[in-house]
1. Being free of Cβ contacts under 8 Å to residues at least 40 places away in the same chain and away from ligand 2 (no atom under 16 Å from the Cβ) narrows it down to one of 55, 91, so name that one.
2. Within region 39-48, identify whether any single residue is in contact with a strand residue (DSSP E or B) (Cβ under 8 Å, 6 or more places away or on another chain), at positive phi and buried (at least 21 other Cβ atoms within 10 Å of the Cβ), and answer yes or no.
3. Go through (1) away from ligand 2 (no atom under 16 Å from the Cβ); (2) outside the structural domain of residue 278 (by TED's automatic domain parsing) and name the single condition residue 125 misses.
4. Find the helices (runs of 4 or more DSSP H) located wholly in region 242-350 whose residues include 3 or more that are surrounded by fewer than 19 Cβ atoms within 10 Å (Cβ to Cβ), and list them.
5. Check whether at least one residue in region 73-81 is assigned to a strand (DSSP E or B), at pLDDT 95 or above and within 18 Å of the chain's Cα centre (by Cα), and report yes or no.
6. When region 102-113 is examined, which residues are found to be touching a residue at least 40 places away in the same chain (Cβ under 8 Å) and either surrounded by fewer than 19 Cβ atoms within 10 Å (Cβ to Cβ) or assigned to a helix (DSSP H, G or I) (or both)?
7. For residue 65, state whether it is in contact with a strand residue (DSSP E or B) (Cβ under 9 Å, 6 or more places away or on another chain), away from ligand 2 (no atom under 16 Å from the Cβ), over 11 Å from residue 12 (Cβ atoms) and not in a helix (DSSP H, G or I).
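The values are calculated or read from the model by the stated rules, or taken from the named source; none is laboratory data. Small disclaimer: the values here were computed from a predicted structure and weren't measured. Positions of Cβ are generated from backbone atoms using ideal geometry, with glycine treated the same way; all protein chains shown enter the neighbour counts.
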Ligand SMILES: Nc1ncnc2c1ncn2[C@@H]1O[C@H](COP(=O)(O)OP(=O)(O)O)[C@@H](O)[C@H]1O
Ligand SMILES: [Mg+2]
């Protein structure tokens with residue numbers, strides 16, 4: 001997978017730009033607040049259609065109402081254009097000019113590694129579930145569909161519980177058991193390979209303690225119906241569904257202990273990196289192509305083993321973008337980030353624009369053919385339409 005170029009308009013603090021990315025590593029360095037994380041966030045959104053920001057308007061530049069990102073991609077020898085328009089609470093996707101849903105975009109196109117990943121290890125089960133669900137949803141469109149049906153069923157069932165609608169429970173339970181069991185079985189199957197890959201990555205990170213991933217399940221497909229019946233009174237009293245895969249945890253065991261409670265900060269960071277490499281390898285196996293790798297703030301990684309692990313991982317994919325407060329070694333291209341603008345390192349900056357070796361960094365959006373376009377939202381961003 002290759003990101004040929006990325007364009008953004010009204011995206012957070014980023015000045016409108018089209019950046020061409022070479023194969024290999026692109027290093028982006030600059031001070032805090034320069035827009036490095038925002039660049040990776042925009043790239044991840046354009047590549048996958050995904051964001052973990054719940055209030056989409058946060059992504060839109062202050063004072064504007066709509067934002068736009070575009071990725072020109074190369075995959076298996078063919079080119080495609082992915083566009084995302086953002087407005088208040090709305091996100092619109094286009095693939096080659098045609099409106100699509102997230103599931104229609106290529107699902108193995110990017111992996112994003114960032115300092116916050118440690119929260120997966122030390123935070124609540126919901127973060128680990130989100131990691132697992134997001135990965136499995138990319139591996140299988142069926143999983144994504146069943147999971148969203150399941151989540152909807154849980155909310156509707158909770159409303160019925162709060163309304164004291166005991167008489168309706170058998171209907172909700174039937175859907176819950178059917179969807180929930182499929183989710184549990186899928187998770188169990190996927191975990192076999194995920195476990196192997198995470199253990200390998202953990203060893204490659206020089207960890208002497210073995211890492212194992214296990215599901216802590218609140219029920220089983222076989223006993224789900226009985227477990228729901230057994231806790232009916234409690235659920236009615238609480239007004240919420242307390243049994244099922246939405247309550248399960250991905251237990252990370254390092255050595256003999258759960259990493260969430262016993263790992264040191266450094267060990268936790270190693271576990272998080274092992275999970276991300278496992279994610280990358282699993283997507284590569286599933287789709288037969290290595291994703292674009294986005295690494296945020298490699299320079300925050302002070303441990304030499306983890307730092308070289310990150311840089312080696314970046315070198316193992318056809319293309320990576322690596323940010324930091326210092327220059328990433330071995331980069332094919334180095335960009336300096338400053339106040340939401342990105343200019344080739346060492347090039348003269350005039351009026352915020354620079355052109356070097358076919359790389360154009362211009363103060364204004366450009367069309368794919370390099371001609372300037374109006375700094376107005378392209379049609380895709382007409383999210384109000
Ligand atoms: N919607 C927004 N509109 C304008 N500026 C924003 C918006 N969201 C974030 N910012 C600004 O972006 C900057 C952070 O950029 P970031 O990419 O996190 O920097 P860093 O280079 O440290 O990774 C902050 O100064 C923040 O105020
Ligand atoms: Mg940052």
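1. On the way: 91 fails: free of Cβ contacts under 8 Å to residues at least 40 places away in the same chain.
That would be 55, the only listed residue that is free of Cβ contacts under 8 Å to residues at least 40 places away in the same chain and away from ligand 2 (no atom under 16 Å from the Cβ).
2. For region 39-48, residues in contact with a strand residue (DSSP E or B) (Cβ under 8 Å, 6 or more places away or on another chain), at positive phi and buried (at least 21 other Cβ atoms within 10 Å of the Cβ): absent.
3. (2)
4. Answer list for region 242-350: 265-287, 304-315.
5. yes
6. At the first step, the residues of region 102-113 found to be touching a residue at least 40 places away in the same chain (Cβ under 8 Å) are 102-103, 105-113.
Once the filter is applied, which keeps residues that are touching a residue at least 40 places away in the same chain (Cβ under 8 Å) and either surrounded by fewer than 19 Cβ atoms within 10 Å (Cβ to Cβ) or assigned to a helix (DSSP H, G or I) (or both), region 102-113 yields 102, 103.
7. Yes: the conditions hold for residue 65.
Quick grid of which residues meet (1) more than 15 Å from ligand 2 (Cβ to nearest atom); (2) closer than 17 Å to residue 41 by Cβ; (3) at pLDDT 95 or above:
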{"position": "295", "(1), (2), (3)": "no, yes, yes"}
{"position": "313", "(1), (2), (3)": "yes, no, yes"}
{"position": "317", "(1), (2), (3)": "yes, no, yes"}
{"position": "320", "(1), (2), (3)": "yes, yes, yes"}
{"position": "325", "(1), (2), (3)": "no, no, yes"}
